[in-house]
Structures are given as structure tokens and as C-alpha cells.
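Peer 1: Sharing a structure below in C-alpha cells format, with a few things to ask.
Here, each number is a calculation from the coordinates, and none is a lab measurement. If you're wondering where the values come from, they're calculated on a predicted model, not measured in any experiment. Ideal geometry is used to build each Cβ from the backbone, glycine not excepted, and the neighbour counts take in all protein chains shown.
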Amino acid sequence: MLVHDATAQTSDTLVIGGVPLNSRFLFGTGRFPSPAIFQQALEASKAEVITFAVRRVDLDHAEDDSILQHVQDRKLIYLPNTSGARTADEAVRIARLAKAAGLGNWVKIEISGSPVTLLPDPIETLKATEQLVKEGFTALPYTSDDPILCKRLEEAGAAAVMPGASPIGTGLGLLNPYNLSLIIESANVPVIVDAGIGSPKDAAEAMELGAAAILANTPVAKARNPVAMAKAFALAIEAGRLAHAAGRIPKKRYASASSDLAGSLFGEPQSDNGGGIG
């Protein structure tokens with residue numbers, strides 16, 4: 001009997017900016033009820049990359065910051081983000097300050113174009129990506145689910161592209177799986193679905209489409225049990241990745257039996273030739 005090794009399908013490694021990662025869950029650090037719960041949830045998530053808003057960090061004493069002091073004993077990659085920036089110039093300045101403060105050269109470019117929807121400004125995001133790549137940053141731009149824009153960001157040198165599933169913080173899940181699938185199909189860099197994820201189901205769906213990773217914060221931090229939810233997300237992301245590699249069955253319009261009638265205990269059904277009882 002042929003036996004397939006399920007672990008073989010999950011042994012592939014995510015690589016961002018030349019750095020290999022075992023976890024495909026990028027973890028947001030805001031909105032947790034307490035530092036202790038945040039630490040427990042981070043442990044449960046198995047995440048290796050954490051993101052945080054630079055504007056909320058005391059850059060003069062980063063080692064004593066209320067967020068970072070709780071993760072100093074962990075081997076993590078910091079992904080500071082430029083949340084609050086309205087222009088490319090502001091985002092570039094924030095990224096430079098974070099790097100100068102010793103937070104590394106990874107940056108999530110986040111430039112809001114609307115105070116209502118918080119959707120990213122495509123023009124400013126592309127400009128910031130081009131500049132930060134020139135300066136040697138590992139740039140991960142957060143963007144809308146526009147396949148053309150994502151391709152332009154990749155061409156600008158982004159280490160990964162991060163389209164949102166829906167507006168940030170809404171928990172609406174994948175509003176446009178079609179666009180996400182187009183982005184994933186054409187990308188030559190990792191596609192990380194970011195923003196709008198509401199539950200592990202959404203994360204699994206994105207991974208089944210072929211996403212390389214998921215970034216989530218609010219659905220974990222604001223869950224009734226953030227630690228359990230962090231674990232649920234980690235499992236869903238793993239399951240979605242495995243399902244994508246395994247290959248789902250095609251969708252059909254009509255039903256089909258899961259067993260072959262020819263091999264049935266009762267054999268083939270008798271055909272009706274129109275004859276009656278006579």
C-alpha cells in the first residue's frame with residue numbers, strides 16, 4: 001500500500017528577504033489585555049516575526065519599551081510598521097528612525113489614505129517601497145488587494161507583498177478571494193495576507209488559496225481567550241498550507257457518488273427498458 005508522508009508537504013520553508021522561517025504566522029502585538037497574556041499568546045502562536053507601530057515605541061529607550069521588554073528573551077525578528085504615516089516621506093522617516101534605534105532593517109510599510117477605511121494609499125506606498133529598498137531595507141508593503149499594484153511593488157523590490165483581506169480591524173475575512181488568487185498566482189515573492197482576517201477559518205481559506213503567510217493581531221488580541229485563539233490560528237495556517245499542497249478536488253455542479261457502483265455489493269442497477277409486469 002502506498003503511504004504518503006503528510007509532513008513532507010509542510011516541510012517547505014518560508015523565506016523572506018533571505019531569512020528562512022519555520023512559522024507562517026506573523027504576529028501583531030497591540031490590543032492585548034495584559035503583557036502576560038500577550039506573552040502566552042505569542043508562545044502559543046509559535047510566531048517568529050512580530051510587528052508593532054514605531055510611533056508607540058520609545059525609540060530613545062527601545063530596550064525598555066513596554067512591548068519589547070517582554071520579548072527580549074525570545075529569538076524574534078522585529079517588523080516595525082509605519083502606522084500613522086500619511087505620505088511616503090513620513091513612512092521613510094519612521095523606518096529610518098526604527099533602524100537607528102536598533103530595531104533592524106525589516107519594515108512593514110503602512111500608509112493610510114483614508115481616516116475612515118484606513119485603506120492604504122497606493123501611490124505613496126509604492127514611492128516609499130522604492131525608496132526604502134534603495135536604502136537596503138527589507139520592505140514589506142501593506143497594500144490593497146490590487147493585482148497590478150502588488151506586481152508593481154514586487155518589481156520595486158519588495159521582499160513580500162501584503163494585501164489585505166478586507167479593511168484593517170473589520171474582521172470581515174476574505175472579501176475578494178478572486179483578486180487574492182490573482183495576486184498569488186503571479187507573485188514571485190511571498191504573499192502575506194494582512195488585515196481584515198476575523199477567524200482561523202479566514203486564515204485557512206487564505207492559505208488554501210496559496211498565500212505564503214498570515215499576519216493577524218486583533219482577532220487574537222480581542223478574542224475571549226487570546227491564548228487559545230493564537231493556537232487555533234497557528235493550526236489553521238498549518239492546515240491551510242497543507243491543504244493547498246495536497247490539492248483540493250474540483251468543484252462540480254452536480255452530485256457524484258463517492259463509491260463506484262460497479263464495485264458495489266449490489267452490482268449495477270437494472271436498466272428500465274420500458275417493460276411492465278406481464
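Peer 1: Quote to one decimal, in nm, the extra length available between residue 34 and residue 15 on full extension: 0.36 nm per residue of separation minus the C-alpha distance between them.
Peer 2: My answer for the length gained is 3.7 nm.
Peer 1: What span do the alpha-carbon atoms of segment 80-171 cover on each of the three principal axes, reported in whole Å from largest to smallest?
Peer 2: Result, largest extent first: 33, 26, 21 Å.
Peer 1: At 0.36 nm per residue, minus the direct Cα-Cα distance, what do residue 186 and residue 252 gain on full extension? Give it in nm, one decimal, please.
Peer 2: Contour length minus Cα-Cα distance gives 21.2 nm.
Peer 1: Something else about it: Suppose R0 equals 25 Å; then what is the FRET efficiency for residue 118 and residue 93 from their Cβ-Cβ distance, rounded to the nearest 0.05?
Peer 2: 0.80
Peer 1: Calculate, for residue 75 and residue 228, the FRET efficiency according to 1/(1 + (r/R0)^6) with r their C-beta to C-beta distance and R0 25 Å; round to the nearest 0.05.
Peer 2: Step by step, r from the Cβ atoms, then E = 0.55.
Peer 1: Using amide H atoms built 1.01 Å from N in the peptide plane, name the residues 5+ places from residue 217, or on other chains, whose amide H lies under 5 Å from its own.
Peer 2: 28
Peer 1: With the Cα gyration tensor of segment 13-250 in hand, convert its eigenvalues to equivalent ellipsoid semi-axes via √(5λ) and list them largest first in whole Å.
Peer 2: In descending order the semi-axes read 24, 22, 16 Å.
Peer 1: Continuing with this model, one more query. Would you please give the residues with an amide H less than 5 Å from that of residue 121, counting only those at least 5 places away or on a separate chain, with H modeled from the backbone geometry?
Peer 2: Here the answer is 111, 112, 113, since their amide H atoms fall under 5 Å of that of residue 121.
Peer 1: Let me ask something additional. What is the sum of charges, Lys and Arg at +1 and Asp and Glu at -1, for the other residues whose Cβ falls under 12 Å from the Cβ of residue 21?
Peer 2: In short, +1.
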